[in-house]
Structures are given as C-alpha cells and as structure tokens.
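These notes are about the structure you will find just below.
Values in this text are rule-based calculations from the coordinates and carry no lab data. Everything quoted here is computed from the prediction, not taken from an experiment. Neighbour counts run over all protein chains shown; Cβ positions are idealised from the backbone, glycine included.
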Amino acid sequence: MERRVTLLVVVVVLVIVGLLPLAAMFGKSIIVDGRLTLGVYEKLFANGRQHWPPIGNSLTLATLTAGCVTLLGVSLGLLLGKTDLPLRRTLAVLLSIPLLFPPYILAVCWFNLLASNGVLVHVIPARTLELLSGWLFGLPGCLWVLVSAFMPVVMILTLFYLHAVNPRLEEAGRLIARWPATLRYVTLPTILPGILFGGILVFLLALGEVGAPMFLRYAVFPVETLTQFSAFYDFGAAAAAASPLLAVTLLVLAFERRYLREKTYRLRPTTPGRRMLLVPLGRWRVPALLAVSLLATAMVVLPLLALVVSSLSPFAYPEAWNKAADSLARSLVFAAVGATLLTVFGFFCGYLIHHRALRLWRAVDTLTLLLFTLPGTVIGVGLIALWNRPATGFLYASAGMVIFAYLAQYTALSSRITLATLGNVPQSLEEAAQMTGAPWLARIAYVVLPAALPGVIAAWLIGFIFCLRDLGASMLVYPAGQDTLPARIYTLMANGAPSLISALCVILVAVTLISLAILGSLLRAVGSHR
Amino acid sequence: MSAIELRAVSKAYDGRAVVAGISVSVERGERVVLLGPSGCGKTTVLRLVAGLEVPDSGAITINGSPVAEGGRNLVEPERRHIGMVFQDLALWPHMTVSQHLEFALRYDIRTDLAHRPARIREALEMVRMADRAQAKPGELSGGQQQRVALARALVANPAVVLMDEPLSSLDLELNRYLRREILRLHAELGFTLVYVTHNREEAADIGSRVIAMRPWQDRPPHI
Amino acid sequence: MSKRRLSFAVLAVVIGVMLWRALTPESANAVVVYVSHDQVFSEPILKDFQRDTGIKVLAVYDTEETKSAGVMNRLIAEKANPQADVYWANEPIRAEALRQQGVSAPYRSPSADRIAEQYRDPEGHWTGFSARARILILRQGLKDKPTSIQAYTDPDFKGKAVIANPLFGTTTAHMAALFAVWGDDRAKAFLDALSKNGVQISSSNGESADQVAAGTFQFALVDSDDVHSRQKQGRPVEGLYPDQEADGLGCFIVPNAVLLINGGPHMEAGKKLIDYLLSRETERKLAYSDAAQIPLHPGVDTPPGVPRLEALKVMKVDYATVAAKMQAIQPLLRDWVGH
C-alpha cells in the first residue's frame, strides 16, 4: 500500500509538471474563444510549403548528427574504454566537457575562432578562414557544433555498456579470432541496443535544438515554435508548430520501445570484481593517441581556447562578475534544488520501471523520455499555458516554475540512471529486508538507497549539470529578477561586448567543472566509505 | 494445526506453469526438504510461502491463518514473521554484522526495545560470530557470511524458517559443517524448517521428511 | 545522532531553505519591470534607480531571439493576472499595441513635460524617451557608400546587403512606418525589390551589424546603438544617417517608451520608476552609455557622435498609425520572409 501510494504520487506529480502543461498548450490550440476549432492546424498545413524546408532541415540535421555522433562516439568509446590507450581517462573527461554547457556556447566559440578578427586570423590563411567561416553559417557548421556537443552522449553510453559485456564471452571469441573480429562479432552486437538507444537520443536532441541553429543561421523547425510564442505569444500557433516535431518524436520513441527498450533494460554492468578485457593496441598506440588528441583539440580545446582568449580583456571578468554574480548564485541554487528533486523523482520512477510496480510503468518511461527530448521552449510554453492564471499566480510568479521545468525536462536522466543502478542491486536485498518486517519506505531508505548510492549520487551530479546549463524552458518561465546564468548570457548577447559574453561563458563552464570536481570527490569518499 | 499448508497452489510465469496444483502440509517443528533439479519449482514454492510471489490459485495458510487465497496475498511478507535465508544470502553490503541483526529486530513488535541488545548478542553467539560483530559482509569468509544470514533469519525467533539452497556455493567440508549448525540451531530453537536443495546428501541429512519435486513438463503422460 | 544522519539532516535543511527562498515571493518594497531595451544598457539605469530610491527592481529582459516582442506578449498573456508594474519598451509601437490591448494605465509623469507631443500618447498611456535612429552601418573603406535605404534596391549592391528579420524588433516598426508614409503599393514594391536584389535576412540587428563588421556584407539597416557598440569594440564599421537630403525621407526615429501596467502589484513604485526613466538625467546617462541614444528633452548634454534631435531630418510619423499598420502588415511580412 505504502509503495503503491508513493509511486502513484510520483506519477501524479510527473503528470502535473510534464503532461498537463503539454495538454494545456495543445488545448489552447484547439479551443479558441470557447469553441473547438482546428484553425491553427489548418493554417499550418495550408502554409505547408513554407514549412517543408525548415522541417527538412531539422530532419537532415538530426539524421546527420545522430549518424556522425554514433560512429564517432562508439569509436571513441571503444578506444577510451576498451583499449590500453594512454591518457584515456583524461581524454574521456576532456571529450565530455561539451556536455556541460548549452550547444549555442560552442557556436559562439567557433564564431570567435573563425571571425575575420578571430583567434585563428594570424594562423590560418585568409582565404581558408573565409571558406571555413562560410561553412560555419549553415548546415556544415551546425552539424559540427552539434556533433561536438552531443558526441559525449554516445561515447559515455558506450563506455557504460561495455561493462555489460561478460568477459567470458569475449574470451571465448578470442580463442577463435583476433580482437577486431571479437569486437565485431561479440562485443558490439552485445551492446548494440544501447548504442542504438544513444543514437536515437541524439537524433531527438538534435531535432529539438534551437540555440545553435539560430545563432548559425540554419533555419530549423523548432525555431518556429519559439518564434510563434516568444515573438507573438500565440499559444495556438506555437502548439501547432510543435506538433510535427512531436509526431516525429513519438514515432521514434514508439520504434525504440518496440525494438530496443527491453534489450537496453537487460544491458546491465557485470558484477563488480569482473574486470573488463582490454584490447592491446600495440604499434597502433601512438597513432591512436595522436588521432584522439587531435580530435579532442579540434572539438574541445580550440573552441574553449577561443572562448578564453576572447574573454581576455582587462575589464571583462570584473564586469562579468558584476553583471552576473547574482544570476550565477541563483543558477547554483536552482540547480541544487532541481538536482535533488530530480534524484528523488527519478529514483522512484526508475524503481517503478525496474520492478514494473504499477501497470503504467511503460507509459511512465515513455513520458519521461518524451519530455526529455522535447525542445525546452515547448515545455516552457506549456507551463505558462497551465499556470498563468489568477488562482495559481503565486506559483507562476515564483521560481517554482523553473524547478517544474527542470523536473519535466530531465526526470528521464535520473530515472534511467536509477534503472541501470538497480539492475546491479540484487532484488534479494530488498526481499531480505521485507522478510524482517520492514515497511517499504524503510526498505528503500535503509537497504535499497545505500546499495544504490553511487548511482544515486551520479544521478544527482548529472541532474545538477543539466539544470545548471538549461536554457530553453527556464528562459521562458523565470520570474522577474530571477534569471539564471544561461538566460542572462543569452539576453546580454544583444549588444554585450564579445569579451563580456566570452567571460560569462568561461565562468559558466568553470563553475560547472569546479562543482563537478568537488562533488565528484564527495562521490569517491562516499564510495570508499562503503 | 499445521505450521504451513498449501492447498492446490499453482503458479505460472509467462503462461508456463512452474507449480501446478501442489498440496503440502508441514507440521510444527518439522524439517521438510524440497528436493529436485533446477526448474522444478522448489524455489517458487518457498517464495510463495514467504509471500514474495502471489499464487495464481489455491490457498496458503501459516499457523492456521490464511495468508494467500483467490490469487492474492492476504498477508504481506513483512507481516508473516518468517525468517528466510536466500540463495545468494542477500547480506547488505553497507551494514555490519551487528547492524544486520539490529535491522532485523527493528520492526519486530514482539521483541521490546530493552531486550533487543541482549537478543542480538544471543544470536551472534548462537552462530559463533560474536567476535565479528563490527565486520561488514565484504570482510567475511563464505562460511561466516552464511552464519550471518542464519543469524538474521533467526534473531526475531520466527516460528517458520525458509532456506533456499543456502549451502550450494560452499565446498563440501564447509557445507557439512553448516548442515550440523543448522540442525543444532533447529534443536535449540524448535522452528519449522522448509529447506530447498538439489543435493540428495544434504536433503537426507537435513530433512525429517523429503518431498521430491520434478518439473511440471516432466509429468507422466495422462492415461 | 550518527554522522550520516547529521549530514542528511543538514543537507535537508539547506535544500529546504533554498527551496523556500526560491518559492517565496519578493518583498512589497519592489517594482517589477519588463524590459525590451537591451539588458546591457537598461540594467545600469535600473540599478541606479534601486540605489537611489531603495526600491528593489525585479526585471525580465527580452533576448535577441524574442525580438523585443517576447515580454510585450507576455504582458498581454498576463493581462488577467498582471505580474509587472512597468514596461520599458525599446520602441513606442509595442507600447501603443499594449495600450490598444488594455494592458496599460494612463500616467502623466511630471518628468515628461518638455518632451514633444509627437513622442507621447495623447491620453498619457505611454511616453517616449532616449531614442535610437535607424541608420546604415557600413563596412569601412567602401568606395561607393549608400546614402539612402533605397540602396537596398540598387543593383550595384546586389547580394551585398543584409537586413534584420522584419517580423521582429525595430525593423518591423520601420517597415510599418514605410507602409504608413509611402502607402501599401510603394512599400510592397520596395520589399519585392529587396528580394530581387538578393538582400539576406539575419535574425537580428546585432547579427546584421556583426556580419557587416566581419565583412560578410557591405551594409545593413540597423539601430544607431548597434553601430556605436561595434565602433567601440574597434570593429571596422561606420554609421550613416540615411535620407538626410532636403527632399529626403528622413531617418526613422525610435524612442524608448515607458508605460504603467494596469493592475500591477506595485503601482506607486511603478510611477516612481517611470518618473526616473523619463528624467533628463536618465537621458543624459543613456546618451553617454554605449547605447548612444538621442535625448528627447531639449538641451540635454550629449557626447560627440550622438547627434541632437534638432540636427537630424526625421521621418514624420504618427506612432499610433504605425502601430496599427504594423499589425495589418504581419501576414504580408510573414509571406515575404517565407520567400
């Protein structure tokens, strides 16, 4: 009873923060002046011709990004997780850094690099620079930026799922063939569902991405929703504009659920103590190290260097601090609160899915994934549609809206992390506690949570990063005087000096890295204490 | 009145019958062994008695009180006051030996607060683990872990104890030693024991009665 | 209590305090202002107000991407449940649109007595101050410099010019002003000529200015503060006030506008903020800031590079007419952008 009630409460909260706002938004699109009408949808399809190009652009960008990211991410995951490549931990951390900030900051970095007065102007010939600069604004530049931004997703998933491969299976393969064949016929097929899941996730994230394409002047369809709402506050048109993307997202998730989900649930890291087999690179060690280092330089070091260099003006940092210290403090607070609530909700969602504790466990998983992949602007619009009314004004005018936005958008992360963690916690631990007479909440608090603690802490850390870097939804719903740092950077971009903007971005990245370093040490301390 | 009674209990998974219409009665203080190969449903029977699985049909009573009937549990596992030793022992890696027993007594309303420390000491001495009270499971040998699992199952003085192949992963010498420990504890405490194993020697040693089980699909053809 | 329990208790208290702080509404001695003017220019003024009066300012700013219309439309959406007290618009068209929607309340500030009638709503719903001019930003070193907005249709500049998306910001207002002054037919012909002459569309005035500064285009129609800021950054650009001949159209002047929100939570504080924003001192600060805005009060001190209003040939417009025209031409502009 206790379990059922608690899990139902979690589901109800998820519905309130996630599903109801979407319903409110779509409701406004079909109920106008009290009458049911499909006018905005008719208008959308009547103007279909002018929408096909941005829809085509979105699908092209998303497909190419997912394809490139999957190839690159898997290759890097294998090199960094499965071989004896030197410095692989350092390189893995370095290549993961783009995940810490919104993709539009990477776009800003590349603009700083390739502009005619940019960082590379003294290093690259002018004609080459002009050519590269031309490529930056459009599909090639957008693709490069999104591949850099999302590659860590597949790389990290590959690193994680490699631990799910039973080393005995690989050893059996090695008795017959060499490593390349073993990887191809044993390792990769085992983790293929996980890789495909990663690719699908990246496809959906790229499909909903707004910031970078807008900055790089590549017309994509989610911009239409942002435009309809942000410029015209037209809920109906914004909802209608979101519907094609929503339809694509639902289709893709349906495919994922039908063909992949059960297989990814079954991919669990092998029990601790079993060491993963590493592939010796032999004479390929140095070339591989050079290749990965070059890639890390191109994808991460150069743009960050451009950011730092362009921030180096005498007054940029003091001015940045003066302009944004309050929003930075707020961002940290909101991110901490958001991460905590995300961990709690995500834990119970993950528990619900893992144990199939309620009949609608599949719907919960799908809902969290759907909300994760929707553009933040759609979630923000939905929250406003639902909560902007006199009776709920107290909530609408508070930072609670920002927290709601985080919960709606990112519960999938903590839920899936919990799911993966619980897969490694034997069910018998909870059952043994149950046999002693402990009620459900006590079993969770004293047995399951401690056993799953590293995963819970990882979920908190990841929730913290994503809340800290969030822009799409929070930009729309923050109450007066309570903007977050990413929103502050975005508003200051209009006529803010490039050095100021760069300094603010550097502060955001640095704060995120420092927070992670501190919290990461805490994780190691807790882990060793256990 | 039997300690445990199963009447025409069935359980299927994904449409495949694992237990079909089983009826078993276990008297108070008896040591009953369920013996059979893998997949014959013996662990399922144990989990049904514990309440960790719900029978599809049939009825289960414990000490005369119905605990499962009509396809649902009438009494949840945490209220059945049953001690259980799991096949993988299910020791909590973050708790010390002493904390295992404290937790096992925390929700036992029959033992009052004042008597709990003494009860824990008794249980530790009973399994000869008093000197390792502050150790965590990772610091113990296989045999020691077994004894902790036994102590946890017995500390609240349950009337019924279930053991699911608790000695299967141990070497022969340790296996025999722990069999004797189980018999000694049974003699001291007088609980009703249902024990699952696939090992004939173990079954003969432990059980005052052995019930041989075989997989449902191996049943003889109907004449 | 064990260490772990103590740690969890402390953590729970900290998170609880953070949550309480996040959800607690702000104190009564505050004013909520929605701002369409660039944050980098408006925030210092608001901070000065806060310092000088002790009234806490809670602001929501538009982003470049919401095109200075996002907070305007947020105000319309919140009409039944107003959250803001004051709206600082970066041009009067939006303020006029809000007046028409019934979002504003009339307030005649004593600070605005010497501002010309042309820049004020007759009923006192909004008042203009500190203006920008719509001017051409040129790449430095151009041999043939455009001197009129008609340069967009000049074949000599084919494919060499960019304009910000006319669906948003001051570009919309400028388009509406052209429709109001030229009439629909001539203005539509102008737009068609722009398309035929390969004029590119950027997402914002700022982006247009950056593209010209980067050498991607030769000129663009932007706001005067966009030019000023790029010059301050040392970028190779110059500004030119278009159509200044005796028979020329004149440049379109875009003043900021401030209005009081009907039913806002802190109306008295809102009036104080309006008085402050409309003061000569604020206009002087905005003239000297990187916004480089032209004061509407006569005789306000301005730095070199910021012209006095009386020295310019300005486009003669009625902002209410322009506002009405702006709404009327939306479908046409959407079609034009779509092509």
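Structure data summary
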read-out: Per-residue mean of C-beta atoms belonging to partner chains within 10 Å, peptide C:328-335; value: 1
read-out: FRET efficiency, 1/(1 + (r/R0)^6) with R0 41 Å, evaluated for A:ALA219 and A:LEU8 via beta carbons; value: 0.40
read-out: Positive-end residue, segment A:296-384 charge dipole about Cα centroid, Cβ charges, pick of A:SER310, A:PHE334, A:VAL344; value: A:VAL344
read-out: Of C:LYS271/C:LYS313; C:LYS79/C:LYS271; A:LYS323/C:LYS56, pairs whose Cα-Cα distance is over 28 Å; value: C:LYS271/C:LYS313
read-out: Where labels lie 7 Å past Cα in the beta-carbon direction, separation of A:THR297 and B:ASP171 in nm; value: 5.7 nm
read-out: Angle between chain C longest axis and helix C:169-182 axis [Cα atoms, degrees, rounded to 10]; value: 40 degrees
read-out: Protection-proxy order for peptides A:29-39, A:511-521, A:464-474, A:384-394, each taking the mean of Cβ atoms within 10 Å per residue, highest first; value: A:464-474, A:384-394, A:511-521, A:29-39
read-out: Inter-probe distance in nm under a simple model that places probes 7 Å from Cα toward Cβ, at A:SER313 and C:LYS143; value: 3.3 nm
read-out: Spatial separation of Cα centroids for segment A:1-65 and segment C:261-335, in angstrom; value: 39 Å
read-out: Cβ neighbours within 10 Å from other chains - mean over A:446-453; value: 3
read-out: Zone residues, segment C:254-285, relative to C:ASN29, backbone N less than 14 Å from point 7 Å out along Cα-to-Cβ; value: C:269
read-out: Nearest 10 degrees, 0 to 90: helix B:142-154 Cα axis against chain B principal axis; value: 80 degrees
read-out: Inter-label distance for B:ARG110 and A:PHE255, nm, one decimal - labels placed 7 Å from Cα along Cα-to-Cβ; value: 5.9 nm
read-out: Added length on full extension, which subtracts the Cα-Cα distance from 0.36 nm per residue, C:GLN50 to C:ALA193; value: 46.6 nm
read-out: DSSP H segments from chain A that extend 20 Å or more along their own axis, Cα-based, with Kyte-Doolittle mean of 1.6 or above; value: A:139-162, A:188-207, A:453-469, A:498-529
read-out: Angle between chain B longest axis and helix B:116-126 axis [Cα atoms, degrees, rounded to 10]; value: 80 degrees
read-out: Sparsely packed GluC sites (Glu not before Pro) within segment C:198-255, loop by DSSP, other Cβ within 10 Å at most 15; value: C:GLU245
read-out: Helix-only CD estimate at 222 nm, as mean residue ellipticity for chain A, using -39500 (n - 2.57) per DSSP H run (n ≥ 4); value: -23500 deg cm²/dmol
read-out: Trypsin sites (Lys or Arg not before Pro) restricted to segment A:122-225 and DSSP loop, no more than 11 other C-beta within 10 Å; value: A:ARG178
read-out: Residue among B:ASN175, B:LEU34, B:MET129 farthest towards the positive dipole end of chain B, charges placed on Cβ; value: B:LEU34
read-out: Cα-centre dipole for chain B with unit charges at Cβ (Lys and Arg positive, Asp and Glu negative), debye to 20; value: 200 debye
read-out: Pairwise centroid distance, computed over Cα atoms, of segment B:119-189 with segment A:439-499, Å; value: 46 Å
read-out: Calculated FRET efficiency for the pair A:ALA363/B:ASN199, C-beta based, R₀ 51 Å, to 0.05; value: 0.65
read-out: Spin-label proximity, B:GLN99 to segment B:135-150 - amide N less than 18 Å from point 7 Å beyond Cα toward beta carbon; value: B:135-141, B:145, B:148-149
read-out: Computed E for B:VAL54/A:LEU441 - FRET, C-beta separation, R0 35 angstrom, nearest 0.05; value: 0.95
read-out: Residue mean of other protein chain beta carbons inside 10 Å, B:81-88; value: 4
read-out: Fully extended contour minus Cα-Cα distance, from A:ASP84 to A:LEU71, at 0.36 nm per residue; value: 2.7 nm
read-out: Share, in percent, of DSSP beta bridges within chain B that are antiparallel, nearest 5; value: 50 percent
read-out: Contour minus Cα-Cα distance for A:GLU130 and A:HIS355 (0.36 nm per residue); value: 75.3 nm
